[in-house]
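Asker: So that we are looking at the same thing, I have put the structure below in structure tokens.
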Amino acid sequence: MKIKGLVASAAHLPLATATLDARDMQPDDICIDILYCGVCHSDLHMARNEWGVSNYPMLPGHEIVGRVLESGHNVTGFKPGDLVGVGVMVDSCGHCAACASAEEQYCESGFTATYNGKDKYTGGTTYGGYAQSMVVDSKFVVSVPENLELSGVAPLLCAGVTVWSPLRHWNVKAGDKVGVVGLGGLGHMAVKLASALGAEVTLFTTSAHKGEDARRLGATSVVVSTDAQQMADAANHLDLILDCVAAPHDLDAYLRTLKTNGHLVLVGIPDSRHPAPDVTPMVFRRLSISGTSIGSIGETQEVLDFCGQHNITADIELITGEQIETAFARMLKSDVKYRFVIDIKNSAW
């Protein structure tokens with residue numbers, strides 16, 4: 001089938017409207033009429049081939065909300081008209097230990113990315129959500145609550161579940177003390193979700209002016225990480241820290257704010273290595289540094305259901321497809337609160 005979307009044809013060229021050949025419907029597939037698609041910073045990296053793995057033509061987008069247009073004859077969980085979402089992955093091997101444990105994001109063969117992945121049916125490239133429609137395996141589709149503002153739901157499919165997964169894995173509950181490093185697309189969702197779980201949330205930021213917004217989002221305290229006294233006052237306080245900063249920085253300062261048995265969890269991927277941490281406090285206070293990648297399909301459904309119950313969406317700026325290059329330029333300056341989302345229906349195709 002033909003799909004029309006915003007396509008990167010080379011690393012040095014701006015995205016432009018084009019029509020591509022998507023795979024034909026398979027028995028387990030659904031076709032989605034896309035309404036909104038979030039703009040993740042990884043979309044910019046991929047469009048510009050900054051990680052050296054991009055294939056062109058590329059159709060980015062992995063924070064997708066839309067309605068089912070058509071379903072294959074094996075599909076029982078979705079029907080035309082259903083409100084659905086698609087996140088970062090659209091397939092996995094289905095039989096390794098990770099897949100058998102419903103943790104498809106850790107598939108031992110590597111999950112199939114929503115775009116720039118390899119389509120197992122065609123051998124070609126998968127195409128994402130900066131488009132009017134898409135075809136996807138129904139096993140990698142989730143239901144979206146009807147009560148939420150749909151434009152604000154789109155970032156939950158990546159930014160939301162990426163911070164939800166560690167909150168659930170480490171069983172964050174009411175009364176726990178959670179730190180969040182950085183108030184961007186991931187960080188602002190971490191503050192909202194941890195707060196809604198009943199945790200006491202501390203935001204670490206280098207920008208004192210972000211304190212007011214952090215408290216609006218649910219933080220109970222704000223620590224300016226460049227202020228030595230504020231960092232010292234935060235020592236031995238936290239059970240868990242979600243580090244959402246995608247730039248290399250000193251981890252030792254945050255380890256000192258953890259209680260004994262505390263966890264520092266990295267969800268941001270820097271373009272060069274963090275300085276090596278001091279293992280001494282880790283040994284003597286049984287601290288851990290961990291990483292976590294997006295979330296499973298089950299966790300994605302769980303976070304959407306939780307957000308539906310608590311009326312939580314991302315804070316976004318709505319754009320049309322024609323504004324994507326302006327959005328990319330602003331993202332490079334961190335000039336967005338806190339996620340751009342493309343209004344697909346009001347874009348000029």
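Asker: Return a yes/no flag: does segment 166-184 have any residue that is under 13 Å from the mean Cα position of the chain (by Cα) and at pLDDT below 95.
Answerer: So in segment 166-184, the residues under 13 Å from the mean Cα position of the chain (by Cα) come out as 166, 184.
From what is left, the residues that are at pLDDT below 95 are 184.
Yes: segment 166-184 contains one or more residues that are under 13 Å from the mean Cα position of the chain (by Cα) and at pLDDT below 95.
Asker: Something else about it: Residues in segment 113-132 that are within 18 Å of the chain's Cα centre (by Cα) and either of a type in the set (Gly, Ala, Ser) or not in a loop (DSSP other than H, G, I, E, B) (or both): how many?
Answerer: Looking only at that region, the number is 4.
Asker: Taking the condition surrounded by 21 or more Cβ atoms within 10 Å (Cβ to Cβ) and either modelled with pLDDT of 95 or more or assigned to a strand (DSSP E or B) (or both), does Lys139 pass? First the steps, then the outcome.
Answerer: Values: surrounded by 21 or more Cβ atoms within 10 Å (Cβ to Cβ): no; either modelled with pLDDT of 95 or more or assigned to a strand (DSSP E or B) (or both): yes.
No, not satisfied.
Asker: Hey, another quick one. With a cut-off of at least 1 residues that are free of Cβ contacts under 8 Å to residues at least 60 places away in the same chain and open to solvent by 10 Å² or more (accessible area, probe 1.4 Å), name the strands (runs of 3 or more DSSP E) lying wholly within segment 11-112.
Answerer: Values: elements: 16-21, 29-39, 64-71, 83-86, 89-91.
Answer list for segment 11-112: 16-21, 64-71, 89-91.
Asker: Taking Pro277, is it open to solvent by 40 Å² or more (accessible area, probe 1.4 Å) and not in a helix (DSSP H, G or I)? It would help to see each step written out before you state the result.
Answerer: On the way: open to solvent by 40 Å² or more (accessible area, probe 1.4 Å): yes; not in a helix (DSSP H, G or I): yes.
In short, yes.
Asker: Taking the condition of being over 15 Å from Leu242 (Cα atoms) and more than 25 Å from the chain's Cα centre (by Cα), how many residues in segment 276-308 meet it?
Answerer: Initial filter on segment 276-308 (over 15 Å from Leu242 (Cα atoms)): 276-286, 296-308.
From the residues that got through so far, the ones that are more than 25 Å from the chain's Cα centre (by Cα) too are 276-286.
Count: 11.
Asker: Follow-up. Taking into account only those residues within segment 321-349 that are under 14 Å from Cys37 (Cα atoms) and among the acidic types (Asp, Glu), which is surrounded by the most Cβ atoms within 10 Å (Cβ to Cβ)?
Answerer: Asp343
Asker: Please pick out the residue among Leu258, Leu242, Leu318, Leu238 that is within 30 Å of Gly87 (Cα to Cα) and buried (at least 20 other Cβ atoms within 10 Å of the Cβ). Quick ask: steps written out before the conclusion?
Answerer: Values: Leu258 fails: within 30 Å of Gly87 (Cα to Cα); Leu318 fails: buried (at least 20 other Cβ atoms within 10 Å of the Cβ); Leu238 fails: within 30 Å of Gly87 (Cα to Cα).
None of the other options fit; the residue is Leu242.
Asker: Right, another one. Do you know which of the residues in segment 292-335 that are in a loop (DSSP other than H, G, I, E, B) and without any contact (Cβ under 8 Å) to a residue 12 or more places away in the chain is farthest from Glu146 (Cα to Cα)?
Answerer: Step by step, filter segment 292-335, then rank; the result is Lys333.
The values are calculated or read from the model by the stated rules, or taken from the named source; none is laboratory data. Keep in mind the model is a prediction, meaning the values are calculated, not measured. We place every Cβ from the backbone using ideal geometry, glycine too, and count neighbours over all the protein chains shown. Each accessible area value is taken on the protein alone, full model and side chains, heavy atoms only, with ligands, DNA and RNA left out. Shrake-Rupley method; radii C 1.70, N 1.55, O 1.52, S 1.80 Å.
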